[in-house]
Every structure is written in C-alpha cells, then in structure tokens.
Amino acid sequence: MKKKKMRGIEAIKEQYGWKCVSFWVVGLIVFFIYPLIQSIIYMFNETSPQVGYVALKFVKFNNFNDVFRVDPDFTNRLMASILNFLYTFPAVLILSFVLAIILNSKFKGRLFFRALYFLPVIIASGVVYSVLLGSQNLDTIQTDSSIRSDIFKTGEVIASLGLPEVISKYIESILSTIMDITWKCGIQIILFISGMQSIPPALYEAAKVEGTTKWEEFWLITFPMMVRTLLLVVVFTMVDIITSVDDKVMKQAYKFMELQSYGQSSVMLWSYFLIIGAMVSLISWLFYRIFAKKWM
Amino acid sequence: MKRKISFPDKDVIISRLKKINYKRKGVAFLAALLKYVVLASIGYLVLYPLVYMVSFSIRPYSDYIDPAIYWIPKHLSNIQFSNAQKVIDFIPSIKNSLIFEVLSAFIEVITCSIVAYGMARFKFRGKGILTVLLFAMIILPEQMIIIPKMINYSNLDFLGIIRLTNKIFGTNIKISILNTGFAFWLPSLFGVGLKAGIIIFIYMQFYKGLPKELEEAAWIDGANLTQTYLRISLPSSSVVLATVIILSVIWHWNDYYLAVMYTSKAESMPIAVKIAQMQTSLQTIGIWNGPYHVGARCAACLAFVAPMLVMYIILQRKFVQSIDRVGITG
C-alpha cells in the first residue's frame, strides 16, 4: 500500500490503462494480427486449400504481376472505386448533417420521421438490400428516379447556371445518385443526432439570454461541440463507402476468393487499402490540424 | 428649447407589431413547410421498400395478376409467409440469431466500453501502437482476414497452447468452434468482434468528451478503477450506450458474411444466412420464379426487419429522448 503511494498516481493510472486493454491486446494478437500476417504470406504464395489448412507454394511476386499487369480490369476498377469514393464522401456527409439537424429540432411527428430515417440502417447494412434488389420489381426505384431526372432534365437546368463544368457535373452526379446516397446516410444521422444530444442544453439557454441568432448559435455552439462527432462520422463514412458490398474492387477480390486464389485477392485488398489508409490518415490529420487545436 | 417628441398612436404601434408578428409567423411557417417537404420527399425514397415488402407479402396469387391493384390488395392471405416458413423455418433460425448474434453483440458492447475507457482516459506505454492497430481494425475489411480466421477456428489453438500440450503428452486434441456459438462469442469477448474497431472508436470519442473533474475527484477520494468506471463513467454514458447497443445489435443481426463462413449446418444457421440463400432454397421446394418467389422473399425480409424496427423505437424512446448528463453542470 505504501509502495503504491510512493509511485504516484500517474504510475497507478498507467497500470489501470493496461488493465483495461490487456484482454483486448490478447484478442488483437490472436484474432487480428495473426490472420493479418497470414494474409501477407498468402500474397507471395500460390494457395490451394486443403481440409483444415491452406497449402502454400512460394511464387515470389507472381501474384502482384498477375493483378497489376496481366489482369486488364483491376487498375480501372481501382481508379473507379477511388473516384466514386471522392464524390460520394462529401455528399453523404453534408446530407446526413442537414437531415440530423432537422430531425433533432422539435416538430410534430419527430418520432415517426426518426424511425423512418432509421430504415436505411436496418435495410441497407444487411442482406435485405441485396435480396430485395434481386427481385425484378424493386428495380423500378432506380428507373423511377432516372425518369424523374429526365422530366426535370437536371443536366440542362444545372448547365444553364453557367457554372464550371466540373462543378455542374458534380451536382448532376449527386442528383442522379441521391437515391444511393440516401441509403448510405442512416448511421451517420444516428451518430450526428447522438452527438447533438450530448451538448448540454445550458449552453443554448445562456446563448438565448445573451440574444444570439440561430446562425450564431449554430457556428458558435453546435459546430464546435460537434467536432469530435464529426471526426467519428468522417472516419466511419470513409470506411463504410469503401467496404460496401457494391464496391468494384471488393467485388473482384471476392470473386477471386471464391475461385480460391487467396493470394491474388490478398494483393488486391492490400493495395486498395494501403491507398485508402493513406487517404484516411491524411484527412484525419488535416482534421486535427484545422479543428482540434481550436476546439478539442 | 424643448423639442416635442411625437409618439405614434397606440393603434399604429399595435398594427405595426402585428405586421412584424405576421411576417415572423409567415417565415416560420415557410421554414416548417420546407422542413416537412424535405423530410417527406427523402422519406419517400426510404419508405418505398418497406411499403413494397408489406404490400407484396400479404397478397394472394390472384391479386398479383390483377392489374388494377398497385399497392393495396383486395384479399389478404398468409400464403407468402407460409412459403417463407417452409424454407426458412423462422423460430429455430431466429433463436439461433438471438443466441449467436445478439448475445455476442451485447458482449461486444460491454468489452469495447472497457477497452475504450482505458484508451481514452489513461496514458500508458504502447498506446501509440494500439491506436494504430485500432485504426487498422477500422479500415481493413473482414474479407482480408476471413480465410486465416476460419482455419484458426476450425483448429482452435490459443497462442499455441494446445499444440504444446499435444507435443508434451502425445495426445491429439483438435478443437473446432465452427458451427458453435463460440465462433461468434470469443472474438466479441476479446473486443475484436464484428466492427469492434468502430465501436471502440465511438466510445473513445465520447469518453474523451466527458469532463475529467469528476473522476479526478474520485481518484483523490481513493476510488479504484472499477469504482470510477462503474459509478461515474458508465452512468453518464447513456446516450452513447443507446447508440452503440442499437448499432451493434443491428450489425450483428444483419451480418451475413461472417455467419455464412462460420456456420455450415442448417440447424445452426442464423436467419440472415437463410434469407441470403432463399433464392436457391425456394427453387428446391419448387417455387421457381414469379409472384410467389417475390412474395415469399418479401415476407421473409419483413419478418427479418421487424424486430430491429421495434427495438429501435423502444430504445430511442427510453434512452435518446431523456438524456441528461449526470452530475455535470455547464
């Protein structure tokens, strides 16, 4: 007892920290790092699955060669996936933030709308989405939305604004894929709402007494208090878009996995996720640089 | 010189105020209208599949071919549900889902909270590496490590202990946890279950936002780790707890990719796997295509989605609407 006190509270806290994460470290080694190392080994081997294990034959860099130089499809798919990511990401972020603000304000039928906007979480994150899309009639949703965009001719309307082509194309692509984007917003809305609700209401009351407008209230209270949640949502959205079932690279890797050439699928996934990992860490680093010093 | 200040009449003031009031009311009304229009128009996109599922799962065959019927059928029948029951066998598979998936979701909620508390609150050696590993866990997909993981599970060897005992005692023990609940529970128990990375991250962001003062006071009063965790941090995290429970349960309930890898026997399959395989299993009982095919799938999906919807509505009433951050004053 005396000895503990001598070592100071910081040492005790360090002990506590290790106590909290120790079982997780064991889990990481057994269920995460070990399989990860295995998949790195697969990259340099030709695999043939046997009962209970995978037989390996060392082939140096053949798998890399197959994926990047022999396979005509992969590099295109990689570029398509990354581009898709670049324009879906901001759209999802903005739409879900706006919807969360609306859903968090008080109005009649709030419970109903919240339950409604929760549907994408249940349906799109799982098997139901693909099962329903497999049925012929539900494909009418897609044609439905395309018909609507034909009627209003979004492309021409936006072109008449005289914006630069890059921007108008961006807006057009958002409008035409608004369906997909709505389906990706479910969890982001939930995270945003829970973040907004953990802002103490006393702050708003104080601001009201001081006579702030809604606009000032948003930028001076809501946004700074939401920075932490925003970082969470940014990371989650990136990962969610990349690992979704209809991602092109993932689809191809999955196809190779079904053909039992784990080496090539490992190469695809690793190269894809190294690029993505670099992007994620760059964005979260920028985020910390811009916001964290100010508000976190 | 005295200057006379002229006030407008009382009536004029009142009428001006009324005008301003009307203007404000008009703006507020327009804003509310806009709000409802936005919510309803996006809500329509979201609601469409659910209405579709309900409508197609309650109509008999005669109503499928009737061109006059679009949404609301004239007759009700349970033929779609009974067809779905034939291939899915709802009660055992829902039981499997509850035992395997939902239970491991709750285990995950508890263990990840402890890990995140340690990561967010304490400084210790090796934290940097663990943070990198956490990000790797979030970013890297399950597909990358599923094959080695499956091989691990089919021949479970925890840190080489079993291999060692086999060598020493000359025995030949092999433990396979595939097709059992342990394939789902074990990773959750060690905080590396389904999407555990993002759940730990959600908790961490929340715990970092909690003020430290309460805990500091508790440390000084001589509280230990369990006491501060159970009495201070956990009670004030009801918001994040509700969020995490909802997300974790839904992800587990919906998860099909891992479940299809871990279970190969029909009697140990969760409902998500059976729904994913419906297309072929419907064909084996003789329903090839057309209305019955669509209807049965819709019925099964409805039964699959309904419990989650109910859970969300109950939980959000209980937790999300009555939040107070315990013991913290601004």
Within the set B:Asp11, B:Asp66, B:Asp221, GNM on chain B using Cα springs under 10 Å gives the largest fluctuation to B:Asp11
Of B:Lys123, B:Lys274, B:Lys25, the most mobile residue in a GNM of chain B (C-alpha springs, cutoff 10 Å) is B:Lys25
Put in order of increasing Cβ neighbours within 10 Å, starting from the fewest, B:Tyr203, B:Tyr70, A:Tyr129, B:Tyr44 give B:Tyr70, B:Tyr44, A:Tyr129, B:Tyr203
With only helices counted (DSSP H, runs n ≥ 4, each -39500 (n - 2.57)), the per-residue ellipticity at 222 nm for the protein assembly as shown, to the nearest 500, works out to -22000 deg cm²/dmol
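Scale the Cα Rg of the stretch A:161-256 by the rule-of-thumb value 2.2 N^0.38 Å and send over the ratio, two decimals.
Normalised Cα radius of gyration, the stretch A:161-256: 1.51.
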Here the whole-number average of other chain Cβ atoms within 10 Å per Cβ of B:147-154 is 6
Protection proxy (average C-beta count within 10 Å per residue), highest first, orders B:300-308, B:257-265 as B:300-308, B:257-265
For B:Arg297, A:Arg289, B:Arg231, A:Arg114, ascending order of other Cβ atoms within 10 Å (fewest first) is A:Arg289, B:Arg231, A:Arg114, B:Arg297
Once the in-chain neighbours fewer than 8 apart are removed, the aspartates and glutamates whose Cα is under 15 Å from B:Lys86 read B:Glu267
Residue by residue through the stretch B:130-142, the couplings from Karplus 6.51 cos²θ - 1.76 cosθ + 1.60 with θ = phi - 60°, in Hz, x for Gly and Pro, are 5, 5, 4, 5, 4, 5, 4, 4, 6, 7, 5, x, 5
Scaled by the rule-of-thumb 2.2 N^0.38 Å, the alpha carbon Rg for the stretch B:110-214 gives a ratio of 1.34
Once the in-chain neighbours fewer than 8 apart are removed, the aspartates and glutamates whose Cα is under 17 Å from B:Lys18 read B:Asp9
Across B:243-250, the residue-averaged tally of Cβ atoms belonging to other chains within 10 Å stands at 4
Chain B: relative contact order from alpha carbon pairs under 8 Å, six or more residues apart, as a whole percent, is 28
Amide H neighbours of A:Glu46 at under 5 Å, excluding residues fewer than 5 places away on the same chain, with H built from the backbone geometry, are A:Lys57, A:Phe58, A:Val59
Over all pairs of different Cα atoms in the protein assembly as shown, the reciprocal of the mean inverse distance gives a Kirkwood radius in Å of 27.6
Expressed in angstrom and rounded, the centroid-to-centroid distance over alpha carbons for the stretch B:220-278 and the stretch B:72-127 is 7
Most exposed to least, judged by fewest other Cβ atoms within 10 Å, B:Tyr207, A:Tyr42 sort to B:Tyr207, A:Tyr42
Cα-based Rg and Dmax for the stretch B:89-276, in Å, come out at 19.1, 58
Counting lysine pairs in the stretch A:2-90 that sit 8 or more positions apart or on different chains, with Cα atoms under 23 Å apart, gives 8
Expressed in µm² per second, the diffusion coefficient of the stretch B:1-93 from the Stokes-Einstein equation, with Rh the Kirkwood radius over alpha carbon pairs, at 10 °C and 1.306 mPa s, is 82
Cα-based Debye curve of chain B sampled at q = 0.07, 0.12, 0.16 Å⁻¹ gives log₁₀ I(q)/I(0) of -0.49, -1.05, -1.35
Which of A:Lys108/B:Lys35; A:Lys208/B:Lys35; B:Lys149/B:Lys195; A:Lys208/B:Lys10; A:Lys214/B:Lys25; A:Lys169/A:Lys251 exceed 18 Å between C-alpha atoms? The answer is A:Lys208/B:Lys35; A:Lys208/B:Lys10; A:Lys169/A:Lys251
Once normalised by the length of the stretch B:89-276, the mean sequence separation of its alpha carbon contacts under 8 Å that are 6 or more apart gives a contact order in percent of 42
If one builds a Gaussian network model of chain B from Cα atoms under 10 Å apart, the most fluctuating residue listed among B:Phe135, B:Phe182, B:Phe122 is B:Phe122
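Every read-out reported here was derived from the displayed coordinates using simple, explicitly stated rules and does not represent laboratory data. Owing to the predicted nature of the structure, the values given are computational and were not obtained by experimental measurement. Quick reminder, even Gly has a Cβ in these numbers, built from the backbone with ideal geometry, and neighbours come from all protein chains shown.
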